[in-house]
Every structure is written in structure tokens, then in C-alpha cells.
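Chemist: Shown below is the structure under consideration.
The values are calculated or read from the model by the stated rules, or taken from the named source; none is laboratory data. The shown structure was predicted, so the numbers you read here are calculated from the model rather than taken from an experiment. Glycine also receives a Cβ, built like all others from the backbone with ideal geometry; neighbour counts cover every protein chain displayed.
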């Protein structure tokens, strides 16, 4: 699978150019350019609006104590969709429109996280009283163990 990635990267611009030619012949040059400019403008709006929406949903998730996994994933896919809309090309626009659909994002999330287990961990810390000025690791018997090479007598 990984060996086909360079081939896909080389083929993608050729596919986009071919789609520009096909769409340009079908509807004309000016409407084709109009579609490209409209997609760029829509991509900018999507990036702004959905980005703010994702931040609000993440804040809500954090306040309720739930893991924001799907919210982060949705935000990432919405950002990818916005970037694909901003980059000129009809194939990228088609993929971006698919990513803007919530059922597609949910399906992708469930597909990719099917074999992932989330484990919650907690951390703890020791709080000392203000009167206790010695660090916790020095509360022992006051013995420092050094090897013969670590010290010298003057």
C-alpha cells in the first residue's frame, strides 16, 4: 500500500488537470473559473465557522468531563475539507464535500477507531505544607551514598 503513495501523488495533479479540461469543455472557461473561486471562498468560510464550532464543542466536552476524541477528529477533518476547498481542483472539492457531511465523518471515525482502546489515566501530586521547607527526597536519614570516584578529600 505504501509503495503506491508516490504514484498517487504523481497522478493527482494529472487527474485534476483532466477534470479541469472536462469541466471547462462542458460549461466553459469563465463558469469553470467561477466554480474554482466560489470553492476558495466557501473553503475560507468553512474553515472559520467550523473551526470556531469545534473549539466550542471541545470546551463543552472538557467541562462535562468527556473525552473530546470525536470532536478533535471532526475538527481535523473539517480543517482538511476547508484546505481541500481552498486548493483549486474538482477532485479535492468532491472529497471536501464528502468530508463536510457528518455521516461520512462519523463513519470514518468509527472505522479508524475500531481497534483502538482509550485508557484513562490519572496523575497525583504531593502537596506539602508551607512550614515544610525541605524537599521530599531529603526527608530521609541525611545520608548521601557516593562511589569512591565521585568525591575527593582536600
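Chemist: In the stretch 58-72, which residues are surrounded by 16 or more Cβ atoms within 10 Å (Cβ to Cβ), at pLDDT below 80 and assigned to a helix (DSSP H, G or I)? I'd like the intermediate steps shown before the answer.
Modeler: The initial filter retains those residues of the stretch 58-72 that are surrounded by 16 or more Cβ atoms within 10 Å (Cβ to Cβ), namely 61, 68, 70-71.
Okay, now just the ones that are also at pLDDT below 80, so 61, 68.
Across the stretch 58-72, the qualifying residue is only 61.
Chemist: Here are some conditions: (1) at pLDDT below 90; (2) assigned to a helix (DSSP H, G or I). Residue 91 meets all but one. Which one does it not meet?
Modeler: All conditions pass for residue 91, except number (1).
Chemist: Another question about this same structure. Contact list please: Cβ distance under 7 Å, first residue in the stretch 105-125 and loosely packed, with under 10 Cβ neighbours inside 10 Å, second residue modelled with pLDDT of 75 or more and outside any loop (DSSP other than H, G, I, E, B), pairs at least six apart or on different chains.
Modeler: 118/69
Chemist: Out of 34, 43, I need the residue that is in a helix (DSSP H, G or I) and touching a residue at least 12 places away in the same chain (Cβ under 8 Å). Which one?
Modeler: Working: 34 fails: touching a residue at least 12 places away in the same chain (Cβ under 8 Å).
The match here is 43.
Chemist: Let me ask something else. Being on the phi < 0 side of the Ramachandran plot, in a helix (DSSP H, G or I) and under 27 Å from the mean Cα position of the chain (by Cα) is true for just one of 23, 9. Which residue is that?
Modeler: 9
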